[in-house]
Amino acid sequence: MRPTFIVSIDEELIWGSFDHTPALRFERENPDLRGVFRELVSLFDELRVPATWALVGHLFLASCARGEDGRAHGDLARPRYRWFERDWFGADPCTDRDRDPLWYGDDLVDAVLSARAGHEVGCHSFSHLVYGDAGCSARAAADDLRACVESARTRGITLRSFVFPRNSEGHHALLRDNGFLCYRGEDPTWFRPLPGTLKRSGHLIDQATALSPPVSEPNEQLAGLWNLPGSMLLLHRRGVRRFIPIAARIRKARLGLERAVREGKLFHLWFHPFNFAVDRAAMMSVLRAVLTHAVELRERGRLDIRTMGDLAAELAGGRA
Ligand SMILES: [Zn+2]
C-alpha cells in the first residue's frame, strides 16, 4: 500500500459518559463541545484534510419521542451489563436538540456534510453500546446497528466505517451484514496487553517518550470487513496528562507520520472532540502542527491522506 494517514474522530457528546458521569458534571468538565466541534471542522477545512467523523447514531437525530409504553427506543433490545443495571436508554430525555443539546446532534452532521475537505461520516454505534462486553447480546448489537443505518439513511448517508465504543470489539459479522466495510481496531501498542491501571500508566509513560507509535497494514478481519488499526490517541490535557508537554504530543505524531512513509504503512490518529475541551487552544495547536506536517508530506507526494471508508473501498475493489 501507499504510505497513508487517516484521522478518525469519535463524537459522542454525552452518550459516551452517561453511564458513569452525571450530566451536570459532564457539562461542567466539557464546556462548549459544539464550539470545539466547529473549530475542528474549520481547521480540517483550512488544511484540506479529510477525516472520518464517527458519530454516535443517536446524534443523527434532531429529536426523539417516548413510546406508548413510556420507554425510549423501546424497539431496541437492551444490553445487560454487570456494571450498569438500569435501562440503557433510561437517561434519554426524549426531547429535542434545543432542550437537550448533549443528546442530539443533527447540526453536527450538517457541519461535517457542508465542509469542503471531503469528509466521511462514520459510525460510533447508536447509543455507545460496549460491543465486546458479554452483556451485549447479538440481538442488542444487531438492533443497535440497524438503528445506526436507518438514522444515517434519513440524512442520505450510507455508513461504511465503524468505531467500537471504548475500542471494545465484538459482533464483527454483524458489521459486515449491515454494509460496513471497515472498523478501527485497537492500537497495537506495547502497553495494550497490560491490565487496567498498568495500561493507563504505560500509555502515560509512552506519551512522554520519543518512541514512535505503531503503524500497521490494513487486515481483512472477515471477508469484506477490514480492520484499519489505530496508531495513536491524541492525548488530552486533563489531570496528570497536562504534565506531558505539548511538544511531546507533536513529536510523537510526527514520528508516526515519518514511520508510515518509511515503512509504507498506515498511521491512524484518533481522538474525541471532548479531548479538546480542556486547554483547547493548546490542543488545537497540537493538531494543527500534526496536520500541517502531514500536508507537507502529501504535497511532496510521499503520503496519502484518506478517510477510512475510501481506503476500505479501494482495498475491497483491489481484492475483487
Ligand atoms: Zn432518543
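The values are calculated or read from the model by the stated rules, or taken from the named source; none is laboratory data. Since the structure is predicted, the reported quantities are computational estimates derived from the model, not experimental observations. Note that each Cβ is placed from the backbone with ideal geometry, even for glycine, and that neighbours are counted across all protein chains shown.
Points worth noting:
- The set of residues from the range 189-202 being surrounded by 15 or more Cβ atoms within 10 Å (Cβ to Cβ) and over 21 Å from Ile6 (Cα atoms) comprises Phe191, Gly202.
- Conditions (1) more than 16 Å from the ligand (Cβ to nearest atom); (2) surrounded by fewer than 17 Cβ atoms within 10 Å (Cβ to Cβ); (3) in contact (Cβ under 8 Å) with a residue 60 or more places away in the chain; (4) in a loop (DSSP other than H, G, I, E, B): number failed by Ala91: (1)
- Any hit, the range 225-233, residues being modelled with pLDDT under 90 and either within 20 Å of Val7 (Cα to Cα) or surrounded by fewer than 20 Cβ atoms within 10 Å (Cβ to Cβ) (or both): no
- If only residues of the range 65-82 that are more than 15 Å from the ligand (Cβ to nearest atom) and under 23 Å from the mean Cα position of the chain (by Cα) are counted, the one that is surrounded by the most Cβ atoms within 10 Å (Cβ to Cβ) is Pro79.
- Ala147 vs. criteria aliphatic (A, V, I, L, M), within 12 Å of the ligand (Cβ to nearest atom) and either within 21 Å of Thr52 (Cα to Cα) or part of a helix (DSSP H, G or I) (or both): yes
- Count of the range 35-64 residues which are closer than 17 Å to His124 by Cβ, more than 16 Å from the ligand (Cβ to nearest atom) and assigned to a loop (DSSP other than H, G, I, E, B): 1
- For beta carbons closer than 9 Å, sequence separation of 6+ or different chains, a first residue in the range 210-225 that is among the acidic types (Asp, Glu) and a second that is in a loop (DSSP other than H, G, I, E, B) and modelled with pLDDT under 95, the qualifying pairs are Glu217/Met1.
- Leading residue by the ranking (farthest from the ligand (Cβ to nearest atom)) among those in the range 94-117 that are among the aliphatic types (A, V, I, L, M) and either buried (at least 18 other Cβ atoms within 10 Å of the Cβ) or more than 18 Å from Cys148 (Cβ to Cβ) (or both): Ala117
Yes/no matrix, rows are residues, columns are (1) surrounded by 16 or more Cβ atoms within 10 Å (Cβ to Cβ); (2) out of contact with any Gly (no Cβ under 7 Å at 6 or more places or on another chain); (3) of a type in the set (Lys, Arg); (4) in contact (Cβ under 8 Å) with a residue 12 or more places away in the chain:
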residue	(1), (2), (3), (4)
Leu129	yes, yes, no, yes
Cys136	yes, no, no, yes
Arg139	no, yes, yes, yes
Asp143	yes, yes, no, yes
Arg146	yes, yes, yes, yes
Gly156	no, yes, no, no
Leu159	yes, no, no, yes
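- Cβ separations smaller than 8 Å between residues 6+ apart or across chains give the following pairs from the range 4-32 residues that are under 30 Å from Glu263 (Cα atoms) to residues that are surrounded by 22 or more Cβ atoms within 10 Å (Cβ to Cβ) and hydroxyl-bearing (Ser, Thr, Tyr): Ile6/Thr52; Ile6/Thr307; Val7/Thr52; Ser8/Thr52; Ser8/Ser161; Ile9/Thr52.
- Residue tally, condition touching a residue at least 60 places away in the same chain (Cβ under 8 Å) and of a type in the set (Val, Ile, Thr), over the range 279-308: 4
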